[in-house]
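Please read the structure below before turning to the comments.
The values are calculated or read from the model by the stated rules, or taken from the named source; none is laboratory data. Since the model is a prediction, treat every value here as computed from it, not as a measurement. These accessible areas exclude ligands, DNA and RNA; they are computed on the full protein's heavy atoms, side chains included. Shrake-Rupley method; radii C 1.70, N 1.55, O 1.52, S 1.80 Å.
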Amino acid sequence: MNTLFLHLEGVLQAWGEESRYIVRNTAPLPTKSGVMGLLAQALGDPEAALFLSSALRMGVKVIKPGTLLRDYHTVVGGTRAAHRAIRPETLITYRYYLADAAFRVALQGHPTLLSTLVAALHAPQKPLYLGRRCCVPSVPIFERVDAYPDLRSALAPLDGLTEIEVAPSLGGVYRMDAVKDVVAHTFAPRYVQLFQPEA
């Protein structure tokens, strides 16, 4: 049993990849750092995301792409707030979400590690969320474990947009979403191949 399947579905999801600060975009597919963070939450150890990112290979299939939603958001911040002024500065930010999206995620790794993750998903040590803390799953995340020779066969048939993590030597699309440093919140590159729905 070398493949763990997750079902990520919720009213809102947000998978930040290329933005910070004022405009917080969401990627159209779950990021590896976001999924590893979810699993680390289940384990009760946020720093485990770094190990998981290197120990697991990830594939994603779109079940429902969802609708892009923009939230007008205000926060207290800036220089005056940092110095606890009487009148703190209010910043306007824009946060994007995927509304009513659903994804199947396949993770391949050592069976012992997958067994540990299954147990953690059944009894998570910390709350689980789909990218941002406000994005609560609407169905159980754990789907099943199974055995497959590779991620492509695990997510076949390719009847929805599918993204498969591959070795750098195979080329593909460059994504900056592998975990590099949990504390510093920095990321490392990885390569994926995209498969469009079969006719």
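Data for the structure
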quantity	calculated
Rounded if a/c under 1.5, otherwise prolate or oblate - region 1-66, Cα gyration tensor axes	oblate
Contact order relative to length of the chain, as percent, for alpha carbon pairs under 8 angstrom and 6 or more apart	32
Accessible carbon and sulfur surface of region 53-199 relative to its total accessible area, %, 1.4 Å	57
Accessible surface, region 8-60, averaged per residue in Å² (probe 1.4 Å)	40
Rounded, prolate or oblate (a/c below 1.5 giving rounded, otherwise prolate when a/b exceeds b/c) for region 93-159 by Cα gyration tensor	oblate
The chain - mean residue ellipticity at 222 nm from DSSP helices (-39,500 (n - 2.57) per run, n ≥ 4, rounded to 500)	-5500 deg cm²/dmol
Using alpha-carbon coordinates, inclination of helix 32-43 to the longest axis of the chain, degrees	90
Helix axis angle, 111-122 relative to the chain longest principal axis, alpha carbon, degrees	50
Ranked order, Ile22, Ile164 - accessible area, probe 1.4 Å, largest first	Ile22, Ile164
Cα-Cα pairs of the chain separated by more than 24 Å (percent)	42
Separation of alpha-carbon centers, region 29-67 and region 92-157, rounded to whole Å	6
Per residue accessible area in Å² of region 104-191, where ligands, DNA and RNA are left out and the probe is 1.4 Å	54
